Amino acid sequence: MKRIIDHTGIIILIILIGGILIYENKIALKEAERPYMEREEESTVDGYEDPEETLFYLLYQIQNENLDGALRCCAVSDLAEYFDMGAYLSCVEEFSGTDFIPPSDERGGAYWQVSVSKLAFDYAVQLDRCMEELVRGHTFKVYGIASLEPDEPDGRYYERMDQISTILGARDVCEMIAYGELDGASVELRFSLARYKRYWKVLSFSTLAYYEADKPDIRICSKEFDEKNIMDLERMSEDVLPPNYNLISSRGEEDAEELVSNFFLYLQRGDAVSAMTYFDLGLPEGNILVTVEALERQKKAAEWVRDFYYRVLLYDKNDVAWASRHFQDEPGYLPEKLYVRNMVFVDFDTIELTEETENSCSYTVIYRYDGQRFTNVLTLEYTDQWRITNIEQKFSV
């Protein structure tokens, strides 16, 4: 009887020790403190209930080359939170992998931050092009803003707009046109907007039919304008919208292997924000200058996180091929496969230092999911701390 009791005690001790180790490795690991750079500027308005006012605000920010201000009226966080991947797949019956917005899980979830980072950069590129074509070295005046829709819209038009609204998770969508004068020539600018809750946000710098355009839709027009009808954009000078995207703080660790281990644990827990703070984002502490370059570095980190999840969760090409034949009757199949909660079943079994110099090192990480083996090589550099500068995927068998 004593031997049985001793044996039982050993088993309980092993279970307790195992539980403590699991807790310290996967639960006690705290999320990053203050992962976002703080912004001192407070908002003065929450949004605009008229699409004309949203465009008016946008054009004021463009004219003043205020990238941060212009981003705040774009549908950055809204698309990240409300995009309906199932509705999109059911409509277009085509899955383009990581080329479009991931399924929205929840605000603050893994894909939400990934999408916000990607969309903030995409909108910043479009806004920078607007500033290049309208402001830098140019004279641009605005004379009017109007709705752009067919003279006699039929049922198919409204059905199409409703379908687009469903995919975007918006209450409504519309197309608008701004009339102006660019270097003395009459022009018109076309936009698409979406309404989320009460407020209208800029969706694209073109009509919905040309949403994939890589530059703003600016056209020469035949209208003539009277100088006395010029619109005073300056009346928007006191308006500040709340921020709808984040600048992630870059942090590191004194121990490189600890950073690599924590990084993958964050990914396994779906904490994309904490994982992204380990990248070298190129922004010194306290620097909140919003530039296309800064947003691009953050976007690259977000894309790697997104690709990591897609690579693991959609490893089965036959499964993806089956889903692509059933977008009409099973549109939610792929979004379900992509839920980050599935990462709890990933097993990280090897973290090995494979290269080391004075200020840089590389680690090979091997992990398994559903019987599949995956390998990544992480490159880290040391400045004040170790940070990730590159991640390379290796194909394992």
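Scoring Gly86 on the criteria (1) open to solvent by 20 Å² or more (accessible area, probe 1.4 Å); (2) modelled with pLDDT under 95 leaves a single failure, condition (1). For segment 107-155, taking the residues that are over 14 Å from the mean Cα position of the chain (by Cα) and open to solvent by less than 10 Å² (accessible area, probe 1.4 Å), the one that is nearest to Val340 (Cα to Cα) is identified as Leu127. For segment 349-374, filtering for residues that are among the hydrophobic types (A, V, I, L, M, F, W, C) and open to solvent by less than 50 Å² (accessible area, probe 1.4 Å) leaves 4.
Looking at this structure, is Leu208 modelled with pLDDT of 95 or more, in contact with a helix residue (DSSP H, G or I) (Cβ under 8 Å, 6 or more places away or on another chain) and either open to solvent by 20 Å² or more (accessible area, probe 1.4 Å) or over 20 Å from Ser104 (Cα atoms) (or both)? Here the answer is no, as Leu208 does not meet what is asked. With respect to Val76, determine if the residue is under 19 Å from Ser165 (Cα atoms) and of a type outside the set (Lys, Arg). Yes: the conditions hold for Val76. So, Glu330, is that one of a type in the set (D, E, K, R) and either loosely packed, with under 13 Cβ neighbours inside 10 Å or out of contact with any helix residue (DSSP H, G or I) (no Cβ under 8 Å at 6 or more places or on another chain) (or both) or not? No; evaluated as a whole, the condition is false for this residue. For segment 186-196, the criterion of a residue being at pLDDT 95 or above, of a type in the set (Ser, Thr, Tyr), touching a Cys at 6+ places or on another chain (Cβ under 6 Å) and open to solvent by less than 50 Å² (accessible area, probe 1.4 Å) is satisfied by at least one position.
The set of residues in segment 244-271 that are of a type outside the set (Lys, Arg), buried (at least 19 other Cβ atoms within 10 Å of the Cβ) and not in a helix (DSSP H, G or I) comprises Asn244, Tyr245, Asn246, Leu247, Ile248, Ser249, Ser250, Gly252, Gly270, Asp271. Scanning segment 96-106 for residues that are open to solvent by less than 50 Å² (accessible area, probe 1.4 Å) and in contact (Cβ under 8 Å) with a residue 24 or more places away in the chain returns Gly97, Thr98, Pro102, Pro103, Ser104. Evaluated against (1) over 24 Å from Ala209 (Cα atoms); (2) modelled with pLDDT under 95; (3) surrounded by fewer than 20 Cβ atoms within 10 Å (Cβ to Cβ), Thr44 falls short on exactly one condition, (2). Among the conditions (1) part of a loop (DSSP other than H, G, I, E, B); (2) buried (at least 19 other Cβ atoms within 10 Å of the Cβ); (3) touching a Phe, Trp or Tyr at 6+ places or on another chain (Cβ under 7 Å), Lys223 misses just one, which is (2).
A count restricted to segment 211-220 and to residues that are under 21 Å from Ala120 (Cβ atoms) and open to solvent by 90 Å² or more (accessible area, probe 1.4 Å) stands at 4.
All conditions in (1) of a type outside the set (Gly, Ala, Ser); (2) open to solvent by 50 Å² or more (accessible area, probe 1.4 Å); (3) assigned to a helix (DSSP H, G or I) hold for Glu38, with the sole exception of (3). Checked against the criteria, Lys201 counts as over 27 Å from Lys228 (Cα atoms), buried (at least 20 other Cβ atoms within 10 Å of the Cβ), charged (D, E, K, R) and touching a residue at least 24 places away in the same chain (Cβ under 8 Å).
The values are calculated or read from the model by the stated rules, or taken from the named source; none is laboratory data. Only a predicted model underlies this, so the values are computations on that prediction, with no experimental measurement involved. Neighbour counts are summed over all protein chains in view; Cβ atoms, including those assigned to glycine, are modelled from backbone coordinates with ideal geometry. Heavy atoms of the whole protein, side chains included, go into the accessibility calculation; ligands, DNA and RNA do not. Shrake-Rupley method; radii C 1.70, N 1.55, O 1.52, S 1.80 Å.
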